[in-house]
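So the structure is just underneath, and the comments pick up after that.
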Amino acid sequence: MDNVAVARRLFDALAVEDDAAVRALCAPRFSLHQNGGPAMDVALLLRFNRQVHAVVNEFRYEAVVCAATPSGFVEEHVVRGTLADGTPLQLFACVVGEIAAGQVVLVREYVDTAAAAPLLAALARR
């Protein structure tokens, strides 16, 4: 499976909360950093993903542009959905991933923090 296919399968699995597929796609030493923050392992990523899905209706990735790199992929996408109070979510993200032996090892995700503010507020109220 090429690097773009691995990236697409990962984000597709996250979009539908398929924890088993996410675990299978991530290496045992998987690490994710959002905007340079502390590392998340797979278990923490799955917990965070469940929390996001709990506050965002119709969660989806749109306007996806993904390109392979020698060590992984770079993907741009827009996270869309609707928060419980009716606020539309439109969050632009750029994700840099590293892949080894067909599994995602490292993800560095960069998002527009101003656009993420309503999502973060909704998560804080949970």
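The values are calculated or read from the model by the stated rules, or taken from the named source; none is laboratory data. All values derive from a computational prediction rather than experimental measurement. Ideal geometry is used to build each Cβ from the backbone, glycine not excepted, and the neighbour counts take in all protein chains shown.
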Exercise for review: Give me the pairs, please: first residue somewhere in segment 1-20 and closer than 20 Å to Cys94 by Cβ, second residue anywhere and acidic (Asp, Glu), beta-carbon distance under 7 Å, and either six or more positions apart or on two chains.
Suggested key: Ala7/Glu75
**Study point:** Members of segment 51-85 found to be outside any strand (DSSP E or B), among the small types (Gly, Ala, Ser) and modelled with pLDDT of 95 or more, listed by number
**Key:** Ala54, Ser71
Point to revise | Qualifying positions in segment 86-102 - surrounded by fewer than 16 Cβ atoms within 10 Å (Cβ to Cβ), touching a residue at least 24 places away in the same chain (Cβ under 8 Å) and either in a strand (DSSP E or B) or among the hydroxyl-bearing types (Ser, Thr, Tyr) (or both) | key: Thr87, Gln90, Ala100
Revision key, fill the gap. Out of (1) in contact (Cβ under 8 Å) with a residue 12 or more places away in the chain; (2) surrounded by fewer than 16 Cβ atoms within 10 Å (Cβ to Cβ), the one Ala43 does not meet is (1)
